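Quick notes on the structure that follows.
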Amino acid sequence: MKAAFSLVYVSQKLYDFGKVAKRLKDILPILAFTILPTLFIWIPFILRLESFWTIPLSQNGMGTIVANYDGPLYLVVAKSFYNMDFIRANYSFPLPVEYYAAHFPLLPLLIKIFSFVAGYPYSMLFVTLASSFLAIYFFNIFIKEFIEEKSALLATFAFSIFPARWLITRSVGSAEPLFIAGTLASVYYFRRKKYWKAGIWGAVAAFTKPPGILLFVAYVLAIATPQIRKLFMGSFKKWVESFRFKKVYPILLIPLSLLVVFVIYSFTFNDFFAYFKSGDNIHLFFPPFQIFNYSQPWVGTFWLEEVLFVYVFILLGLIKLIQRKEIILAWLVGIFFLSIIFVSHRDIVRYALPILPFLYAAYAETLTKKEFKILIAFLILPIFLFSLSYISQNVMPISNWAPLL
């Protein structure tokens, strides 16, 4: 009897060990895709190289990484939590205090939590890197719903570095990785009808960046779309009853989190609507396509033809999602794209990053082809060079680091 019991015990332990080993096998590539590309970006700055591949580099070491926009602004919020008097007394950035209302609270709160271990600047980089891991992890499990598992690893690696603007944002202090992680996780669970998890992760996105509320809009439209036919074929009462409100109500956490942000602002800025008065942070202008107005302050150039290719890439992906009847993803990409055509900012790719994972799903058939491997292999060096060049130049002028440490 004891021998049988021991055999069962050992078998259970071996089974548990096997599960852990498989888990590690799945996680290790995600860790590698998270850390190694960023580390390769950091190394030339850590070594204070004067140039790489003829590209001149900043000589401020990791200070260049930390000073990249909008990292220092999130550090200010992390240290002040929107205390206007504290900001005025300690920071000399030529910005109105209301400007910080555009930098939502979740990233600064996380920076604050981990600052006790590594200090504020390195806490910011740690939180960005950890958020990047979450984004890449959720992309990996998300993309497996569209392609075979054997192709998912290559797609995940591609997602970790392409486009280069995504690699840049996750290699400096930035809210994008946390926002994209929340968005991806929310959509992943919403598609699986796990509405509490979808609502919680959607709230994470909305508590990180303002466009998080678009998730809620997309979900409502995705729920309503299949019911439109019922409205014309039956009574209004039956149409209302056909909605799954009892199941999907946790997605209300998304607008609720935005409400919490505005309540915080009502105490810190004495203005519930402070976000809408944060100056030129809101780059939405009417009529659409104002990005082609070279005189706009955040455009400043007429070299803008690549913006058309961004529009084409997104629209083709949207059409593919509609053709496949991917209602949730189509609404999400469509809503974000609608907002993007009103954006007047040279950095249009950064505004499109939240829909990036879903465009990978739209082009899923391409991800499994041999040509895709060749494409990614070719792009690795150009992505690396562009990232070095961009990070070296996209730096806030900081004369006094002491208030940020």
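FYI, it's all coordinate maths here, none of it is from the lab. This structure is a prediction, so every number in the text was calculated from the model and none was measured. Glycine also receives a Cβ, built like all others from the backbone with ideal geometry; neighbour counts cover every protein chain displayed.
Radius of gyration over Kirkwood radius for the stretch 313-405, both on Cα atoms: the Rg/Rh ratio is 1.11. Helices of the chain meeting both criteria, an alpha-carbon length of 24 angstrom or more along the long axis and an average Kyte-Doolittle score not below -0.5, with helices taken as full DSSP H segments, are 2-46, 106-143, 305-323, 370-393. Taking every alpha-carbon pair under 8 Å whose residues sit at least 6 apart, the stretch 131-215 reaches a relative contact order of 29 percent. The magnitude of the dipole of the chain, with charges of +1 and -1 set on the Cβ of Lys/Arg and Asp/Glu and taken from the Cα centre, is near 1880 debye.
Highest mean packing comes first when the peptides 265-277, 327-339, 29-41 are listed by Cβ atoms within 10 Å, giving 327-339, 29-41, 265-277. FRET efficiency for the LEU252 to PHE342 pair, using the beta carbon distance and R₀ = 25 Å, is estimated at 0.45. Within the stretch 121-153, list the residues whose amide N lies under 17 Å from a label point set 7 Å along Cα→Cβ of LYS193. So the set is empty, nothing qualifies. The slack in the chain from PHE313 to GLU145, taken as 0.36 nm per residue of separation less the alpha-carbon distance, amounts to 58.3 nm. For the stretch 125-182, a crude dipole built from +1 on the beta carbon of Lys and Arg and -1 on the beta carbon of Asp and Glu, taken about the Cα centre, is about 140 debye to the nearest 20. What is the list of residues in the stretch 82-99 whose amide nitrogen lies under 17 Å from a point 7 angstrom out from the Cα of PHE273, following Cα to Cβ? Under 17 Å, as judged by backbone N against the label point of PHE273, lie 98-99 of the stretch 82-99. When peptides 90-102, 203-215 are sorted by average Cβ neighbour count within 10 Å, with the highest value leading, the order is 203-215, 90-102. Taking a sphere under 15 Å around the Cβ of ILE291 and counting the other residues whose Cβ falls inside, with K and R at +1 and D and E at -1, yields a net charge of -2. Couplings 3J(HN,Hα) for the stretch 62-67, derived from phi with the Karplus relation 6.51 cos²θ - 1.76 cosθ + 1.60 (θ = phi - 60°), are 5, x, 5, 5, 5, 7 Hz, where x marks Gly and Pro. In the stretch 98-166, taking the dipole from charged Cβ atoms about the Cα centre, the farthest positive-side position among LEU134, SER115, PHE104 is held by SER115. Using a 7 Å offset from Cα along Cα-Cβ at MET396, what residues in the stretch 167-192 end up with backbone N under 17 Å from the label point? Residues passing the 17 Å test: 169-177.
The gain in end-to-end length when the ARG324 to ALA130 segment is fully stretched comes to 66.5 nm, 0.36 nm per residue minus the alpha carbon separation.
The gain in end-to-end length when the TYR363 to LEU39 segment is fully stretched comes to 113.8 nm, 0.36 nm per residue minus the alpha carbon separation. Once semi-axes √(5λ) of the Cα gyration tensor in Å is calculated for the structure shown, the corresponding label among (i) 34, 30, 25; (ii) 40, 28, 20; (iii) 47, 20, 18 turns out to be (i).
Centroid-to-centroid, using Cα positions, the stretch 305-357 and the stretch 168-217 are 17 Å apart.
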